[in-house]
């Protein structure tokens, strides 16, 4: 295949000239408020909504990634590896590092020592918390962050491309209109260089008709692409639901792990350790004296309950207080000030 250097240079010069002319035209519109063709109101509204969707989605992705990976250095590393299409090596979470350190220290102190035994128990739970966190991050990325990024890379990018093409068509149309106005202003002037002004006007009118048709066609294409973008944006509600569900599962698992750990710590036979002094546990979780009831949990009453038996206690909606497990699996033992008594589990919610 023969390469025509002259044609290549000519095409390049023509493209550069068109670019310069459009730049001058846009500058003239900004500086001198030159006339310009406006988009129809519906298309303008869609463009504004698309800009909002793009800007807010970018911010939500950035903020979500900050929550999932708080270390900015790790976020930069993940970004670079993603760009070069290289898989990120497994990375332990901070809780996993803490748990691993506790396990190693506990094994070094010896599992028969009170502190060593407890370090092993707590370290194991911290490892489980870290693993649970990693599972949550993976689910959150797959179900929420990745779909948002695909929305930006596909629908938003396609719409942006069509809008840029529409702007070029708009500039071509306005240039054709300016050429027609100039030709008409010269219609009363005598023929110059053998060219009849009426011929110039006819040529300019044809250019306007052609440019207007191309502008209208591109406007419809852009409108369709923007409508696709908005429909895709609204479908992201399902991904948001998935993210909330992932968070719910994550926090529920973490809460259960900590409840189990506290229960294990209370029942561990550590005669040499005063557990209530050695661990700073919020009194909404544990009684100061621990007593015979063991772990205390904080509850909120969902509806009024009037005591029916001497060993029960009346409670009222929206009250909050501590409870402990009862021998009867359907009841808690409620502790309200100096009073205690059984209440049905069904009328309260753990908080």
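The values are calculated or read from the model by the stated rules, or taken from the named source; none is laboratory data. All values reported here derive from a predicted model rather than from experimental measurement. Cβ sites come from the backbone with ideal geometry, for glycine too, and all protein chains shown count toward neighbours.
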Say we look at the stretch 324-351 and pick out the residues that are in a strand (DSSP E or B) and under 38 Å from the mean Cα position of the chain (by Cα); which of these is farthest from residue 251 (Cα to Cα)?
-> 348
Listing of helices (runs of 4 or more DSSP H) fully contained in the stretch 78-178 that carry 1 or more residues being closer than 27 Å to residue 54 by Cβ and at pLDDT 90 or above = 114-140, 146-151
Among all residue pairs at least 6 apart or on different chains, which show Cβ distances below 9 Å where the first residue, located in the stretch 331-346, is free of Cβ contacts under 8 Å to residues at least 12 places away in the same chain and the second is crowded, with 18+ Cβ neighbours inside 10 Å and in a strand (DSSP E or B)?
-> 337/321
Residue check, residue 316 modelled with pLDDT of 85 or more and exposed (fewer than 12 other Cβ atoms within 10 Å of the Cβ) = yes
Identify, from the list 134, 150, 163, the residue that is more than 30 Å from residue 68 (Cα to Cα) and either in contact with a strand residue (DSSP E or B) (Cβ under 9 Å, 6 or more places away or on another chain) or in the same structural domain as residue 236 (by TED's automatic domain parsing) (or both).
-> 163
Would you mind stating whether residue 110 is buried (at least 16 other Cβ atoms within 10 Å of the Cβ) and assigned by TED's automatic domain parsing to the domain that holds residue 70?
-> no
Do we find a residue being exposed (fewer than 12 other Cβ atoms within 10 Å of the Cβ) and touching a helix residue (DSSP H, G or I) at 6+ places or on another chain (Cβ under 7 Å) anywhere in the stretch 168-178?
-> no
Please work out if residue 246 is part of a helix (DSSP H, G or I), exposed (fewer than 13 other Cβ atoms within 10 Å of the Cβ), touching a helix residue (DSSP H, G or I) at 6+ places or on another chain (Cβ under 9 Å) and at negative phi.
-> no
What about residue 54, is it surrounded by 14 or more Cβ atoms within 10 Å (Cβ to Cβ), at pLDDT below 60, in contact with a helix residue (DSSP H, G or I) (Cβ under 6 Å, 6 or more places away or on another chain) and over 18 Å from residue 134 (Cβ atoms)?
-> no
